[in-house]
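Each remark here refers to the structure printed beneath this line.
The values are calculated or read from the model by the stated rules, or taken from the named source; none is laboratory data. The model shown is predicted, which means the values in this text are computed figures rather than measured ones. FYI the Cβ positions are ideal-geometry reconstructions off the backbone, even for glycines, and counts take in every protein chain you see.
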């Protein structure tokens, strides 16, 4: 037993202004699958999305903290894959995705690109260039 925190994974939970639009973006543009839906009174209020072994939760914002609050401006999800970054970026663009950063070689040995989801959450996807 240790007094240090030892996590096994992390599943971000993002609130969405329009849950169905966010689900569609993660599914149809990025390529996540809908793994599970969470309903309240027969209305979908949350969704667990999955891409490979990574999970992401999306929930409908109840707007209790206001409708115009910034959500993801100060947050970036840095995702890693073994896929070809240029091919992946091209596929995302072909499905209507807009990149905020084209595929770029980084000095730390990764190639990545970036985009922003419908609620302003920043996402970078990278692969190792040192293979």
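Among the residues that make up the stretch 84-100, is at least one of them within 14 Å of residue 32 (Cβ to Cβ), touching a helix residue (DSSP H, G or I) at 6+ places or on another chain (Cβ under 7 Å), in a helix (DSSP H, G or I) and not assigned by TED's automatic domain parsing to the domain that holds residue 29? For the stretch 84-100, residues within 14 Å of residue 32 (Cβ to Cβ), touching a helix residue (DSSP H, G or I) at 6+ places or on another chain (Cβ under 7 Å), in a helix (DSSP H, G or I) and not assigned by TED's automatic domain parsing to the domain that holds residue 29: present. Criterion first (closer than 22 Å to residue 115 by Cβ, surrounded by 12 or more Cβ atoms within 10 Å (Cβ to Cβ) and assigned by TED's automatic domain parsing to the domain that holds residue 119) does residue 55 satisfy it? Here the answer is no, as residue 55 does not meet what is asked. The set of residues in the stretch 51-82 being part of a loop (DSSP other than H, G, I, E, B) and within 17 Å of the chain's Cα centre (by Cα) consists of 52, 53, 61, 70, 71, 72, 73, 74, 75, 81, 82.
Of all residues in the stretch 11-48, those satisfying the criterion of being assigned to a loop (DSSP other than H, G, I, E, B) and either closer than 24 Å to residue 97 by Cα or in the same structural domain as residue 81 (by TED's automatic domain parsing) (or both) are 11, 12, 17, 18, 31, 32.
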